[in-house]
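Visitor: My structure is below; once you've seen it, I'll send some questions.
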Amino acid sequence: MQSEAVIEFLGDVPVLQRLPSSSITKIAQHVVVKHYNSGECVFQEGEPDGAIYFIWEGEAEVSRSFYADNHDSQVFQWGKFDHFTSSESDRQEDIIALTKVTCLMLPHKYNSLMHPYSLWSADMNLNTCAPSEHILSLDPLDVNTFRGITLKGAPKSGKVYGGQFMGQALAAASKTVHFHKILHSFHAHFLLAGDINIPIIYKVDRLSDVPNVATRRVNAVQKERVVFFLIASFHKEEEGFDHQEQTMPSVPDPESLLPEHGLEEGVKLPRHHPRTGVSTSTSVPWPTEIRPVDPKKYAIHTTRHPSISYWLRAKGRLPVDQALHRCVGAYISDMLFIQISLNPHRREGIIPSSISLDHSMWFHRDFRADDWLLYVIDSPTAYNARGFSRGQMFNKKGELVLSAMQVGVVRKLKPPTTTSKL
């Protein structure tokens with residue numbers, strides 16, 4: 001059996017889709033092909049306990065006396081892409097082949113491959129991994145349910161940052177599809193403010209699976225209420241037409257620009273540059289490096305054009321998994337986005353506010369989120385208390401890697417009034 005065919009099959013096994021792609025590749029190297037005739041016991045004399053079986057074809061029946069550790073399903077019959085574990089008691093009658101059955105058996109000594117440290121890295125080290133990877137590492141509760149948290153020190157402003165919802169929801173969706181199918185678009189809606197003090201449960205619906213495309217819906221749940229949801233589409237890489245009409249603006253290189261927050265990693269600032277952005281209980285450093293193209297500082301009351309450009313990249317070094325880089329791209333895309341639609345309306349005596357309603361993105365080309373990306377944002381219109389912003393990200397070669405759009409409620413708040421106590 002060819003290794004390419006084995007990897008292709010294992011990528012469609014639901015229990016394996018939550019693993020890093022590198023783990024699936026390693027599992028493919030260690031599985032053993034097993035064949036059984038109808039009515040034959042799956043476990044043979046001398047079979048090691050704890051081995052994991054993935055059904056390649058055929059059906060198997062589980063007797064009522066079977067008590068293997070299979071938390072993901074309570075069924076007593078299995079078919080293609082299902083998995084089961086050999087019984088601790090090694091009872092030969094536990095599992096019977098209903099038809100001719102072909103299984104891929106992973107010996108017990110390789111079971112550790114089924115338990116990586118994160119969705120993205122088999123050997124993740126929390127002390128050295130990139131902050132954005134840590135933020136987007138969810139806990140799988142079953143094949144369609146994941147748990148995320150707002151980490152201590154993660155960007156927030158009294159509520160869950162919108163980019164966190166998108167990045168974590170996309171991480172959950174990405175871990176329910178074949179790793180050869182890569183996220184190409186999503187459409188998200190923000191329903192309620194997220195509570196930073198409690199976990200977020202991400203429930204994935206497998207809406208559609210065809211050979212080259214998959215569609216998923218993800219609900220983010222807190223306190224038994226859906227606070228956010230998105231629909232995402234995934235596409236297997238294939239050859240096709242290639243063109244790009246949009247050109248990247250001519251801007252200075254990021255290395256020649258000053259960082260947004262006081263002292264960034266590896267950058268020595270001149271003495272006159274203020275050291276702002278110090279971590280406090282309400283303000284923490286972003287897991288990204290930011291270099292504004294226009295270094296001029298604007299006050300909240302300064303009227304200006306509804307556009308901005310800045311270089312950004314995730315801090316640290318991320319694993320090679322393209323699925324993670326696209327989740328990080330979604331995570332960072334929400335920074336300074338809908339707020340740009342407020343720029344023409346900033347003036348003394350007006351306190352502007354914005355609340356995101358929906359967010360859509362399209363991924364055009366592979367990219368690395370830990371390499372510099374130029375984010376170009378503008379807001380062509382605002383009306384009826386709704387602002388509209390659109391953005392494009394380019395890599396340093398000038399390739400357009402993603403496009404984004406967002407609509408939000410934008411309002412002017414009345415300044416607080418003070419009443420004399422006299």
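Visitor: For LEU257, LEU342, what ranking results if the residue with the fewest other Cβ atoms within 10 Å of its Cβ goes first?
Guide: Ascending number of Cβ neighbours within 10 Å: LEU257, LEU342.
Visitor: Right, another one. Where does each of 242-254, 10-22, 207-219, 321-333 land if you order them by average Cβ count within 10 Å, highest first?
Guide: Packing order, densest peptide first, comes out as 321-333, 10-22, 207-219, 242-254.
Visitor: Using θ = phi - 60° and the Karplus form 6.51 cos²θ - 1.76 cosθ + 1.60, what ³J(HN,Hα) does each residue of region 221-228 get, whole Hz, x for Gly and Pro?
Guide: 10, 9, 6, 6, 10, 6, 9, 7
Visitor: Modelling each spin label as a point 7 Å along the Cα-to-Cβ direction, I'd like the GLU224/HIS30 distance in nm, to one decimal.
Guide: Roughly 4.2 nm, to one decimal.
Visitor: Restricting the calculation to Cα positions, tell me the Rg (one decimal) and the Dmax (whole number) of region 322-412 in Å.
Guide: 14.3, 46
Visitor: Right, something else. Relative contact order for region 95-241: what percent, with Cα pairs under 8 Å and sequence separation of 6 or more?
Guide: 20
Visitor: Quick one: which residues, 5 or more positions from GLU40 or on another chain, have an amide H under 5 Å from its amide H? H modelled 1.01 Å from N in the peptide plane, none for Pro or chain starts.
Guide: Here the answer is ALA97, since their amide H atoms fall under 5 Å of that of GLU40.
Here, each number is a calculation from the coordinates, and none is a lab measurement. Here the structure is a predicted model, which means the values were calculated and not measured. FYI the Cβ positions are ideal-geometry reconstructions off the backbone, even for glycines, and counts take in every protein chain you see.
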